[in-house]
Each structure stands twice: as structure tokens, then as C-alpha cells.
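What follows is a single structure, written as C-alpha cells, with notes after it.
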Amino acid sequence: MQDRSKSYEGYGSQSASLGYRPYGSEARDSSYPRSSGEMRGTTPSGYTPHGSQARTPSYGAGANEIRGADIIAEYLIKEKVPCILGYAGHGAIGLLDGIYKQTDRIRHISPRIEQAGGFMADVYYRLTGQPLAVYTSTGPGPMNMMISVANAFYDCSAFLVITGQVPTTQFDTGALQDDYRYHGDMSSMFTPIVKKSWRIRKVDDLVKALPDAFTMMRTGRPGPVHFDMPYDLYMRTAPVSTPDPNVHGQPLNWRTTVADETVEKALNLLTSAQRPLILAGGGVRVARAYEELRALAEQLEIPVYTSFMGKSALPFDHRLNLGVAGVWGEYPATEAARSADVILAIGARFNDLHTGSWLPGYVYNIPPTRLIQVDIDPEEIGRNYPVEMGLVGDAKAFLAQAVRIARAKGGRLSYGSPWHKEIEAWRTDWRNFCEPFERSNEVPIEPRRMMAEMNRISPPETVMIDDVGNCQVWSEQYWKPRIAGNHITAGGFAAMGFGVAGVLGARLARPNSPCVTLCGDGNFMMMPHAVATAAEYNLPAVWVLQNNYAIGCIRDLQRVYHDGREIGTSFVNERTGELWNPDFAKMAEAMGGRGIRVEHPDQFGDAYREAIRSDVPTLIDVIINRDTTMPVVGTWQMPPIPEVQPTFGKRKVR
């Protein structure tokens, strides 16, 4: 193993390794170790010169040897990876030659840009827990992939990223797309946004790297991993065998647990409160702890609310579910959060949009509210609020323990208590506020009417993938998921285009369920080719496009925080001064899908019903009222500008 570190190197903040080296211009010479057989100008054994007339593979394998590309392809099959996604280039054709032999066992999908493949793999993992593989060529390809990798890393989603690199014989030569001019190689560029980046420098490095990569993706806080792969190694051979996967074990075998005594103390604090709450953050979704959450809430009869990333941790119609709390959250959840005396928070980061920028009284009053915070990452505990108790543990393991202990103790808050009655009154207030908008016949269309129609028509198994911006906020407040885990959003890095392309990953994961993305015109124009990919690979998703001729969320911020001075946020024909967008329905049709333009609210329901029943990718271009703003039930501050005040409910400092 000692000489292995000379060529097999891993970068990553999540795990140290002997092969780790600082990156930067001063370390360039040590970044590319070369053995005598890898020096530029030499002819490796088995190499067929480029000018050869033979049509056999360039690197012939001996009787006991295997190509790097075949190791990767065979290993993906051993891991039961159903699909590999990517965009071909000269630095990837060697890998594709390995996949070519296995197309009866692994599906290949080529989105029209690398970033789209990353979004698809991201959503697929969030729904299934199964990492896919994505690949790129060299140079621009890896750069195009970085946004979707960063998005997945921030939200604890996972996939394997394989990016091409110049051949081992051409390091530091200035060969096509060599990264020698940059202050760091491709591994160092990916390092901040993956759990670990491996610099593969010999074919046999793959034997250890592949099982380690899949184990790392799945354990602890999930995240993407990266291979920097010189493209000659796809075709070179080594006298090795394709490795078997590591024994990942059952989920609870590796999950961090907390001592029973500590869990019992936390439960005693929670159940002795007059106004207790359970907060389900994104960590509950990542851990797939839906059943454990429901069981604990029902055992204790304690209301549950969520962060935006935790939305759908409980079905919307569960009697204990209060909805999402935050600046654009739901009033019952937000009012309960600022009124509670004890909160048990599981897998929640307490970011600015959720907390009302940490200003007292808008969403939280911590203290005097006492906080019990559970998180797998100790750095998250107490980051933004002081804690009464901080517990480092996995959400699923903690909730399973808590259910077991709570059932043994038998304590619970009686349903119908004064706390439940207060909450029911807030629910009634919110419902009375929302319902008139849900019946609106105004033209252009009131977004809440559209959302009400979607909730009415969508079958329970519908999967909703939000894109980013105002569409995301309308979903946060008004989409009503009926099955736990069927709502996906990008709440950390929040990359636009996530839903437009990611909905195809949902369709791969749930081929028998309607898969819908709620997106804006700005989002769709970043990834319009997703419709072409859907048509090409028979992935009949639905794009519900809220067309307001604007980057609406940012335009609204200009109106609120900059006294209405708008620039760069509305789509306007510079010559005529009129609002302008392409004809999105025709765009969809040109790419092999179906396009429907809806201008009156009475048209939307039929169009949506037809779309989710169709076996054709369908885009619905919905002309909405561009001046309708989302109700603010908390606040969001952009320092040094003073915070916005709630438009429903009011600040309550305790």
C-alpha cells in the first residue's frame, strides 16, 4: 500500500487520506506522479499506435487482464446501478466503450448538457437512496457539471461523478483541455463540493476506489464523490478483477446513535412542556425516517411542523402536521413555532429563510423557547440558536430509539389539549385566508387557484419537484403532498433548472407515478432541452410553467427592498418595450413533447389532468398574474436593509 499512494490519491474534506496533498500552483510538480512507464514519449505495453489500420481496441487485454472501462462498467452492475448519465466527448469514449458491452444491464442516457445529468441523478437518489453514475469528458464538461454537484452536496444527495482527464502520458503538456494552466487540477476544483475526490492514476486504483466511493456516498451525511480519470486508463489494462461492493449493511448498523438515557431525558423535557413541537428538517428526508417520525408524533400526540427541506416528512393531511414554517411558510406552523415552549428539532439547519433571519418573534423566540437539537453533524448543533440539549445522531436511529422509549414510558400529550385547540384556531384562520384565492377567476391567473386545481386533480402518488424562485414558494405554501417523501426541492444551493431537468430523474425513479415540476419561465429557459431528453428516452414528465415574464422572486425583492427600482428582472423586448417570452408551447412541440398554453383559470384543470395522464412529455404554459406576491408569515432580512413585515399574522416577541 505504501507505493499505492504515489498514484492513487484522494482529496476531500470529509475524510483524510495519506494521498492528500495541498493543491495550488506551487505544488503542481508533485500533483502528477509519473512512473518510468508513464513518461511522455514512451510507448506503453500493448498500445496500438493511432495510425494503425487495425480496428481492434487500442489496448489489448491479456488473458488475466481487464480494461479500466470494463472494471467501472462491471462494478456499476454489481452495485445494481440501473443507469449512467452523461454527455460524450473525446475524454469519455473509452468509458462508453465499456458501457457499450453492458447496455442490456445498464441504461445509458445522454442529456443535452452535463449539468442536467447531475440534476437527474440528484433527484433519483433523493427518491430511491440509490446513487447513479454520471460522467463527462475533459475541460468544459466537468465545469458544466459543477453546479449540479454543488447542489447535491449542499442538500445531502449522492451520485458518482467521473470526469475525464488528459492521458497519463500527457500531464503538463498543454494537450487539449489539459488543466495545467489552472491553479489546481480537476480534483482540487471538485474537492469543496464532494465528500471526496479520487485522482485515479493506474487502472488497478479502481479496485479500491470504486467500493470505497459507493460506501462513502451512502454513509453518514450522503453526498457526491468524484473520480478524476485520465482517459487512457479506460483502455489500459491491469491483472486485476472487478471488485465486489463493500458490505454496506443495514441502515441502522452504521447510523450514529445516542445513549438511551440521553434520549429519555430529551423526551421528558419535551413531554413535560405545555406547548411542545417536533420540527422535521431535511435530515428526516435524507434518513428516510418518515415512519419513525409519524410513530413518535402519534405516540406523544405532539404536533409536527417542517422546514422547507423537510416538507412531506408527514403527509399534509395528517392531523398532527402543521406544515412549513418560515418567511413564506404556512401560518399555523409559523405561529406555533414562535409560541412553543419546547421544540425537538431533528435534522434542521435553522437557516435564514426558515427562521426569519434569526430575528426574534417572526418565527422563533429561542430563548425562552427551549431547543432540543438532533443532528448527525455536530457543527450544526447550536450554530444559530443556543440549545437546551444537543444530540449528535442520525435522524432515523434517534427517532427509532425515541419511539421505543416513549412506548415503554407511555407518556403523551392528550389530543384536544389547550395547545391543540390554539393550533386548530390558527389552522382555521389560515384556511379562511387561502380559500377565496383558490376560487379566484381572475385573469391573468391567480397562482393559488392553479395550485388548488393541482392538489384536487393529482393522484396521491404524484411526485413534485420544485424549481427555484417564486414557483418554489408557491409550492412551499400550497402544494399538498399526500405520501411522505414525494416532495423534492433544492433548499441549500438552490440552483435554477434543478426541477426542469430533475423531474426526469424522478420519472426514472418512479416510472408509474405522475412526475411534475413547478417551474418559472426563468427556470425553464435554463434547461429547455429537458423536453427533448424526455421525448428521446420516453420519460413523460410534466412541466407546469408559471409564466410571469420575469425572474419574479428577484423582481419582487427589488420592489420591496429597493423602492421598486427594477432592472434585469423582467423579460422585455428592448426595441418595443413590451413584455416578451418565447412561445413555450411551440418550443415543447418542436422538441417532441406536447405544449399547452393556458390563459384562463377554467382551462387549467383540464389541461393538467390530460398532462398527468399522458404518455407524452407535456409542458403547460400558464400565464399568471405577475403582480401577485406571496403572503409573508415570517420575515427575511437582507442586511443592512430593514426586514419586511408579515402580510399575514404578526411578530410576537416573548
Item checked: Nearest-0.05 FRET efficiency for Arg407 and Thr647, computed from C-beta distance (R0 41 Å) -> 0.45
Margin query: Between Glu65 and Asp615, what is 0.36 nm times their sequence separation minus the Cα-Cα distance? Round to one decimal in nm.
Written below: 193.5 nm
Next item on the list: Name the residue farthest towards the positive end of the dipole of the chain from the options Ala585, Met235, Gly485, assuming +1 on Cβ of Lys and Arg, -1 on Cβ of Asp and Glu, about the Cα centre.
Entry: Gly485
Check: Under Stokes-Einstein, with the Kirkwood radius over Cα pairs standing in for Rh, what whole-number D in µm²/s applies to the range 487-596 at 25 °C and 0.890 mPa s?
Finding: 162
Notebook entry, point to check: In percent, how large is the relative contact order of the chain, given Cα pairs closer than 8 Å and 6 or more residues apart?
Noted result: 13
Check: Just how much of Val443 is accessible, in Å², when a 1.4 Å probe is used and the result is rounded to the nearest 10?
Finding: 90
Note to self: Using the crude model of +1 on Lys and Arg Cβ and -1 on Asp and Glu Cβ, and no other charge, please compute the dipole size for the chain relative to its Cα centre, in debye to 20.
What the structure shows: 1020
Margin query: I need the P(r) histogram for the range 182-245: all alpha carbon pairs, bin width 5 Å from 0 out to the longest distance, whole percents.
Written below: 3, 17, 23, 23, 18, 11, 4, 0
Check: Working from the pairwise distances between different alpha carbons, so that the mean of 1/r is found and then inverted, what is the range 126-263's Kirkwood radius in Å?
Finding: 16.3
Notebook entry, point to check: What spacing in nm lies between the two simple spin-label points modelled at Asn512 and Ile93, each 7 Å away from Cα in the Cβ direction?
Noted result: 4.2
Note to self: If N is the number of residues in the range 505-556, what value comes out of its Cα radius of gyration divided by 2.2 N^0.38 Å?
What the structure shows: 1.28
Checklist line | Nitroxide proxy distance, nm - points 7 Å out along Cα→Cβ at Ser417 and Glu264 | finding: 2.1
Notebook entry, point to check: Average projected area of the Cα convex hull of the range 463-542, in nm²?
Noted result: 5.0
Note to self: Test of the criteria: in the range 382-470, which GluC sites (Glu not before Pro) are in a DSSP loop and have at most 11 other Cβ atoms within 10 angstrom of their Cβ?
What the structure shows: none
Check: Given only helices, namely DSSP H runs of n ≥ 4 each adding -39500 (n - 2.57), what is the per-residue ellipticity at 222 nm of the chain, to the nearest 500 deg cm²/dmol?
Finding: -10500 deg cm²/dmol
Check: Roughly how many nanometres apart are two label points built 7 Å out from the Cα toward the Cβ at Arg431 and Asp244?
Finding: 5.7
Notebook entry, point to check: For Leu579 and Glu379 in one chain, what is 0.36 nm times their gap in residues minus the Cα-Cα distance, to one decimal in nm?
Noted result: 67.3 nm
Notebook entry, point to check: Short version: ³J(HN,Hα) in whole Hz for each residue of the range 455-470, in order, from phi by Karplus 6.51 cos²θ - 1.76 cosθ + 1.60 (θ = phi - 60°), x for Gly and Pro, what are they?
Noted result: 5, 5, 8, 5, x, x, 7, 4, 9, 10, 10, 6, 8, 10, x, 4
Next item on the list: Would you please give the residues with an amide H less than 5 Å from that of Ser357, counting only those at least 5 places away or on a separate chain, with H modeled from the backbone geometry?
Entry: Gln637
Margin query: Please give the charge dipole size of the range 388-461, origin at the Cα centre, charges +1 on K and R Cβ atoms and -1 on D and E Cβ atoms. Round to the nearest 20 debye.
Written below: 500
Notebook entry, point to check: How many Å³ per residue does the convex hull of the Cα positions in the chain occupy?
Noted result: 174
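With charges set only on the Cβ (+1 for Lys and Arg, -1 for Asp and Glu), what does the dipole of the range 440-498 come to about its Cα centre, in debye to the nearest 20?
180
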Next item on the list: Provide the convex hull volume over Cα atoms per residue for the range 254-336, in Å³.
Entry: 102
Next item on the list: With only alpha-carbon atoms counted, please give the Rg and Dmax of the range 311-420, in Å.
Entry: 14.3, 39
Next item on the list: Taking the dipole about the Cα centre of the chain, with the C-beta of Lys and Arg at +1 and of Asp and Glu at -1, give me whichever of Ile551, Met189, Thr138 is farthest to the positive side.
Entry: Met189
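The values are calculated or read from the model by the stated rules, or taken from the named source; none is laboratory data. Being a predicted model, the structure only gives us computed values, none of them experimental. Note: ideal-geometry Cβ built from the backbone for every residue, glycine included; neighbour counts use all protein chains shown. These accessible areas exclude ligands, DNA and RNA; they are computed on the full protein's heavy atoms, side chains included. Shrake-Rupley method; radii C 1.70, N 1.55, O 1.52, S 1.80 Å.
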